[in-house]
Amino acid sequence: MLEPEPMTTTPALPGLHHYLPAPASRAQEVHADVVVYGATSGGVTAAVRAAQSGLAVVLLAFGDHLGGMSAAGLGTTDVGRAATVGGLARRFYDQVAAVYRAPAPHWDVEAHVAEEILDSWLAAAGVRVHRRQRLTSVRRESGRIVELSTDDGHHYRAPVYVDASYEGDLMAAAGVSYTVGREASRTYGESLAGVQHSLNHQFERPVDPYLVPGQPASGLLPGISADPYGAVGDGDRRVQAYNFRLHVTTSPRRIPFPRPDGYDPDRYELLRRYVEAGIFELYGRTTRVRGDVFDMNNHGAFSSDHIGANYEWPEADHARREEIFQDHVRYQAGLLYFLANDPRLPAAVRDATAAYGLAPGEFTDTSHWPHQLYIREARRMVSDYVITQHNGTGRVRAEDPIALASYVMDSHNAKRVLVDGHPRNEGNVQHPLAIPMAVPYRSVVPRAAECANLLVAAAISASHVAYASVRMEPVFMMVGEAVGAAAAQAVADKVAVQDVEYESLRKELLRAGAILTWPLSQ
């Protein structure tokens, strides 16, 4: 296992933190009909949908910004079948089209545009947004949450709560069952589960992995784990890699890739040797968002995915997550600085990198670097219904759909180890769905005995394999809207979330433009 660098008090880039202290204020007891924890895109749609039903809704944002990855650099949306996107999610991408004066829907969006749209929705719906709110404790009585407390001393009380955090923090604090990592193939009979041979984003040529070439006793280069490869199908608690989705530009106004505090060029010796072997592919996944603005994502064997450095994140406290966050910033910012400046690299590589820079119009309060780390997967609830690979193959169909997922089952590498003396990445899965896969209502509610008034909008009940398709932002928006509608119904009928009448919920979602079945004629 790779260990993140020890935390320093200085951020890797000026003004860039995962955790920001709340402003000084008097502790308050806040009452609402629904409290949504996590201002991700799904958290926003959950809050808006509940507020549109006439409820008093409070949305708790972890930091200063809202919208999750949709407003944090994920500019090229992973859609799958466009016709499966309905409701507020479709409205969002239609509004993006209106901003760009493009045909609707428009799937590519700059971060500031996404945040402005979502912020306007919250204001129009009358949702109260509280920023820099971090969960510290949950009080339960008789199987229900009665109070959520945050680190500034506030206490939030409501009949129904929604956990829309990527990490499932509220769910875990409420005592709901969850899992982390990759199930074994035998757990749900999934051929794609557990350890998997990576065919994509893999080393194409052998590279010497040792600190002193040819000398195993000298130790492994940074970025390579001494962990065993494992047997295909074996389960573990490893998590697919995280990175930042950058907005970069070729504009003359571009900001050169910065040298982060704590920069260490030796972290990239494996990459240097790979380039020396004739492979340079970092920018194979830089895709246009608008004009000269691009979304830079991971691509290739050694890229922006910080493989193996995130295993602790799902269950870590805020301080530890800050350490891991800063390590990811140092790694990725240092990677770009290395590629643009290190004299040991060919001039062609340095020039190709330096042709890009950070977009000056984005993330102006965080050194033009995204404020949100791409948490592709963390905790996942285990409820009475677990979505699995069999839903994606069409072998199993849920009877209570609230949204459809249609993107490929896309999981990034989970570790980099040695195989026959050479580095190999492991864990990447990119497998198409046979048909769009339903997200059932039962996968967003806990087991009845565990919590009667909590709905989960992001860390839903799905296997690692199935979650690799569910985790896309349009799906989170659609699930969030359905959760908001269910919360409103639970409040109105004074019932447990498990007892929300599905047929009434289904009709309500359809009236709002949701797409629940495939083919569409059904």
* To do: Among residues belonging to the stretch 178-195 that are of a type in the set (A, V, I, L, M) and assigned to a loop (DSSP other than H, G, I, E, B), point out the one that is surrounded by the fewest Cβ atoms within 10 Å (Cβ to Cβ).
  => 184
* To do: Considering (1) surrounded by fewer than 24 Cβ atoms within 10 Å (Cβ to Cβ); (2) touching an Asp or Glu at 6+ places or on another chain (Cβ under 8 Å), say which one residue 68 fails and leave the rest.
  => (1)
* Take the stretch 196-218 and flag every residue that is of a type in the set (A, V, I, L, M) and either over 11 Å from residue 425 (Cα atoms) or surrounded by 16 or more Cβ atoms within 10 Å (Cβ to Cβ) (or both). => 207, 211, 212, 217
* Asked: In the stretch 402-425, how many are surrounded by fewer than 23 Cβ atoms within 10 Å (Cβ to Cβ) and more than 19 Å from the chain's Cα centre (by Cα)?
  -> 7
* To do: Among the numbered conditions (1) under 17 Å from the mean Cα position of the chain (by Cα); (2) closer than 22 Å to residue 82 by Cα; (3) surrounded by fewer than 24 Cβ atoms within 10 Å (Cβ to Cβ), tell me where residue 469 comes up short.
  => (3)
* Asked: Can you tell me which residue in the stretch 330-378 is farthest from the chain's Cα centre (by Cα), limited to those that are β-branched (Val, Ile, Thr) and closer than 17 Å to residue 304 by Cα?
  -> 349
* Structure fact -> When restricted to 473, 450, 426, the only residue of a type in the set (D, E, K, R) and in contact with a strand residue (DSSP E or B) (Cβ under 8 Å, 6 or more places away or on another chain) is 426
* Among the candidates 158, 164, 104, single out the residue that is in contact with a strand residue (DSSP E or B) (Cβ under 6 Å, 6 or more places away or on another chain) and either among the aromatic types (Phe, Trp, Tyr) or within 26 Å of residue 401 (Cα to Cα) (or both). => 164
* Asked: Any chance the stretch 322-330 includes a residue that's in a strand (DSSP E or B) and at pLDDT 95 or above?
  -> no
* Residues of the stretch 487-522 being closer than 26 Å to residue 142 by Cα and of a type in the set (Ser, Thr, Tyr), which ones? -> 502
* Inspect all residues belonging to the stretch 145-160 and state whether any of them is more than 18 Å from residue 28 (Cα to Cα), under 25 Å from the mean Cα position of the chain (by Cα) and not small (Gly, Ala, Ser). => yes
* Could you identify the single residue in 218, 225, 304 that is out of contact with any Pro (no Cβ under 8 Å at 6 or more places or on another chain), among the small types (Gly, Ala, Ser) and assigned to a strand (DSSP E or B)? => 218
* Can you find a residue in the stretch 260-274 that is in a strand (DSSP E or B) and touching a helix residue (DSSP H, G or I) at 6+ places or on another chain (Cβ under 7 Å)? -> no
* Which pairs do you get when a residue that is more than 16 Å from residue 480 (Cα to Cα), found in the stretch 53-65, comes within reach of a residue that is acidic (Asp, Glu) and part of a loop (DSSP other than H, G, I, E, B), reach meaning Cβ atoms under 8 angstrom, with the pair 6+ apart or on two chains? -> 56/33; 64/365
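Would you check if there is a residue in the stretch 308-318 being assigned to a loop (DSSP other than H, G, I, E, B) and farther than 25 Å from residue 182 by Cα?
no
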* Within the stretch 313-334, is there a residue that is surrounded by 23 or more Cβ atoms within 10 Å (Cβ to Cβ), under 18 Å from residue 250 (Cα atoms) and not basic (Lys, Arg)? -> yes
* Considering only the stretch 400-438, how many residues are closer than 21 Å to residue 473 by Cβ and free of Cβ contacts under 8 Å to residues at least 40 places away in the same chain? -> 1
* Determine which single condition residue 30 fails, assuming it passes every other condition in (1) more than 15 Å from the chain's Cα centre (by Cα); (2) closer than 30 Å to residue 154 by Cβ; (3) of a type in the set (Val, Ile, Thr); (4) surrounded by 22 or more Cβ atoms within 10 Å (Cβ to Cβ). => (4)
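Quick grid of which residues meet (1) in contact with a Leu (Cβ under 9 Å, 6 or more places away or on another chain); (2) touching a residue at least 24 places away in the same chain (Cβ under 8 Å); (3) closer than 30 Å to residue 48 by Cβ; (4) in a strand (DSSP E or B):
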site: 149; (1), (2), (3), (4): yes, no, yes, yes
site: 167; (1), (2), (3), (4): no, yes, yes, no
site: 203; (1), (2), (3), (4): no, yes, no, no
site: 206; (1), (2), (3), (4): no, yes, no, no
site: 229; (1), (2), (3), (4): yes, yes, no, no
site: 244; (1), (2), (3), (4): yes, yes, yes, no
site: 247; (1), (2), (3), (4): yes, yes, yes, yes
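Among the residues of the stretch 439-454, are any surrounded by fewer than 19 Cβ atoms within 10 Å (Cβ to Cβ), touching a residue at least 24 places away in the same chain (Cβ under 8 Å) and not small (Gly, Ala, Ser)?
Looking for residues that are surrounded by fewer than 19 Cβ atoms within 10 Å (Cβ to Cβ), touching a residue at least 24 places away in the same chain (Cβ under 8 Å) and not small (Gly, Ala, Ser), one finds at least one in the stretch 439-454, hence yes.
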* Answer yes or no as to whether residue 98 is out of contact with any helix residue (DSSP H, G or I) (no Cβ under 8 Å at 6 or more places or on another chain) and either assigned to a loop (DSSP other than H, G, I, E, B) or over 24 Å from residue 366 (Cβ atoms) (or both). => yes
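In this structure, does residue 298 turn out to be within 30 Å of residue 14 (Cβ to Cβ), among the polar types (S, T, N, Q) and part of a loop (DSSP other than H, G, I, E, B)?
So residue 298 fits the description; yes.
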* Output for the stretch 371-393, where each listed residue is of a type in the set (Ser, Thr, Tyr), over 23 Å from residue 68 (Cβ atoms) and part of a loop (DSSP other than H, G, I, E, B) -> 385, 388
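The values are calculated or read from the model by the stated rules, or taken from the named source; none is laboratory data. These figures come from a predicted structure and were not determined experimentally. Every residue, glycine among them, receives a Cβ derived from its backbone with ideal geometry; neighbour counts consider all protein chains shown.
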